[in-house]
1. With a point put 7 Å past each Cα toward its Cβ, work out how far residue 37 is from residue 49 in nm, to one decimal.
2. Under the 0.36 nm per residue contour assumption, what length would be gained going from the current alpha-carbon distance of residue 105 and residue 143 to full extension?
3. Give the residue from 163, 53, 190 lying farthest towards the positive end of the charge dipole for the chain; charges sit on Cβ (+1 for Lys and Arg, -1 for Asp and Glu) and the dipole is referred to the Cα centre.
4. Tell me what the chain gives for mean residue ellipticity at 222 nm when only DSSP H runs of n ≥ 4 count, each as -39,500 (n - 2.57), the sum divided by the residue total, rounded to 500 deg cm²/dmol.
5. Quick one: with all protein chains in place, what share of the accessible area of segment 109-191 is carbon or sulfur, to the nearest percent (1.4 Å probe)?
6. Need the C-alpha centroid separation for segment 27-102 versus segment 136-160, integer Å.
7. Which net charge results for the neighbourhood of residue 67, defined as the other residues with beta-carbon distances under 10 angstrom from its beta-carbon, given Lys and Arg at +1 and Asp and Glu at -1?
8. For the chain, go through all pairs of different Cα atoms, get the mean of 1/r, take its inverse, and jot down that Kirkwood value in Å.
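The values are calculated or read from the model by the stated rules, or taken from the named source; none is laboratory data. What you see is a predicted model, and the numbers here were worked out from it, not measured in a lab. Every residue, glycine as well, gets a Cβ built from its backbone with ideal geometry; the counts of neighbours run over all protein chains shown. Ligands, DNA and RNA are excluded from the accessible area calculation, which covers all protein heavy atoms including side chains. Shrake-Rupley method; radii C 1.70, N 1.55, O 1.52, S 1.80 Å.
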Amino acid sequence: MTSTHGVDTPGRSRTLLTRSRILEAAKRELGRDPDSSLGDIAEAAGVVRRTVYGHFNGRAALVDGLVEDAAQALRQALADPGAPGVDAVTALARFVLALWPVGDRYRMLLRLAPHDLGAGRVAEVLAPARETAAAIIARGQRQGVFQTSVPADPLSRALEGHLLGLLECVNAGTWSDDGTRTAAAALIAVGVDGDLAVTRVRSLGRPERVGA
């Protein structure tokens, strides 16, 4: 008898598609209302509540599924080491351009964080991005292109707060961007001249991945 371990069988494909549909519905519904119930999410996904429970044994498991998907997307966005020897201004612009679509897709998690996610889980998800940002900023300070009045680690955390704040503004309907204005704003925040920041971002287009 042939083993099906590791084989993408029709049944497994349907299961994965249903799980994906539930998570997509959860993103929409929780983005609309953080207090949305599993029943609301099931209805939005076009399945019965029992099907949701078949994949996630409660709200906490569903939110954790969203968080794990967000963490995986973040890791993928950071996976490409990029061009060797790229200057720090370009590296930081590419970093923001690559991560903004991930943040925009999962920004509903910001509304869930105070109640559904602990500080430790948030730190775990953001750790790769924090390490990359700190490394880029430290390099830019050594190159003399970023301001040095604040050390790299605190400056990178301040930049993180800046970016998360803009995602909150997207949630509130007061900011809309494809990442380009956000990337330019990030460069300006770390001390890059405004005209240079805008010009550099425009020259990059929209790279899908970036690393330190």
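1. 0.5
2. 10.4 nm
3. 53
4. -23500 deg cm²/dmol
5. 59
6. 28
7. Numbers: positive: 121; negative: 64, 68, 69, 116, 124.
Around residue 67, the surrounding residues sum to -4.
8. Working: mean 1/r = 0.0534 Å⁻¹.
Across the chain, the inverse of the average 1/r is 18.7 Å.
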